[in-house]
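The block underneath contains the structure these notes are about, expressed in structure tokens.
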Amino acid sequence: KDERAQVVLHQGDFDYQDDPEIWDNMISNVLGDDFPYFASIGNHDVAAWSGYQEKLYDRLEKNPDAVCIGDLGIKSSCTYRGLFFIQVAPGIGGEEFHGTSFPTEYDSFIEEQLSNTEYSWRICSWHYDMNIMQKYTASNDSGFGVYDACKNNGAIIANAHKHFYSRTKTLIDIQHQIVDPEWPGTDKLRVKEGATFVLISGLGGGSIHSEDTGISGGLFTTRDSWGSIYATEQDATYGALFCVFDTTEQPNKAYCYFKNIDGKIIDEFNITNFVGIEDI
């Protein structure tokens, strides 16, 4: 509210109480019961998912500027004021989560949705990560197929799950962490077909994790692919990532920053959008 946010994209784990009513009231008490709030399911949301999804549908109905198709928060795509975003749930479901089963055909869904939209600002949102992104979550493989489907179509990739904040540089190969040689900068990123970046924003509250991602060893021999990391080693506290998309004067520019609850900006970067623009 202090940052005058106009919409929230939440990458799962709403609470640890399985209580949709309390969760929704927490949002309404600050932002209002009609605030445009979109969320992807997390592993801690499965047991009470029907209740959470009902709350999300209630908010959707109160926002005529938002149009969503599919199974909201699990396998859906939405448009809202110049943004196109996809919500999927790779890795969520199965016997591990109360016998609940969710769709797994996410790669083709992402490809289809991104191929058929004219929106240039695109965001892929889901909860889990691959172990190369977070060594801590090695058992929670989401598959690189979803990452590649988003990258190949110029979509920003927003994940969570781990309780810290991190962000890559622009990557042209996510699995092998290959930085875009034409855009190698730490704070100047680009999105286009075949190039994007991945962010992990998991400091909404509850606890804070260590920087156990493999970026200083193990799977990685260098930290060169990472633009920012904010975990216990950096004395992290809670916060959120904010992005400003200038759809009027500079429609292909965006500015993002992570601000903690003490008011300190931890990370800031600019994005240039080349989606739909052929290389010269």
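The residues listed here are V244, V275; of these, the one that is part of a loop (DSSP other than H, G, I, E, B), at pLDDT 95 or above and of a type outside the set (K, R) is V275. Of all residues in the range 2-20, exactly one satisfies the criterion of being aromatic (F, W, Y) and surrounded by fewer than 18 Cβ atoms within 10 Å (Cβ to Cβ), namely Y16. Looking at the range 2-24, is at least one residue of a type in the set (K, R) and touching a residue at least 12 places away in the same chain (Cβ under 8 Å)? No.
Pairs under 8 Å by beta carbon, first residue over 16 Å from I123 (Cβ atoms) in the range 245-264, partner part of a loop (DSSP other than H, G, I, E, B) and aliphatic (A, V, I, L, M), six or more apart or different chains? Matching pairs, first to second residue: N260/L203; N260/A236. The lone criterion from (1) under 18 Å from W126 (Cα atoms); (2) over 12 Å from the mean Cα position of the chain (by Cα); (3) surrounded by 21 or more Cβ atoms within 10 Å (Cβ to Cβ) left unmet by Q175 is number (3). Screening S76 on (1) at pLDDT 95 or above; (2) farther than 21 Å from F242 by Cα; (3) open to solvent by 10 Å² or more (accessible area, probe 1.4 Å) shows it passes everything except condition (3).
Within the range 49-66, residues that are closer than 18 Å to R81 by Cα reach partners that are of a type in the set (D, E, K, R) and not in a helix (DSSP H, G or I) with beta carbons closer than 6 Å, at six or more positions or on different chains, in the pairs K62/D34; D65/R81.
Within the range 164-201, the residues that satisfy the criterion of being in contact with a Ser or Thr (Cβ under 8 Å, 6 or more places away or on another chain), part of a strand (DSSP E or B) and hydroxyl-bearing (S, T, Y) are Y165, S166, T168, T196. The listed residues are D34, D24, and the only one of them that is acidic (D, E) and surrounded by 13 or more Cβ atoms within 10 Å (Cβ to Cβ) turns out to be D24.
The values are calculated or read from the model by the stated rules, or taken from the named source; none is laboratory data. Small disclaimer: the values here were computed from a predicted structure and weren't measured. As a convention, Cβ positions derive from the backbone with ideal geometry for all residues, glycine included, and neighbour counts pool all protein chains shown. Side chains included, ligands, DNA and RNA excluded: accessible areas come from the protein's heavy atoms. Shrake-Rupley method; radii C 1.70, N 1.55, O 1.52, S 1.80 Å.
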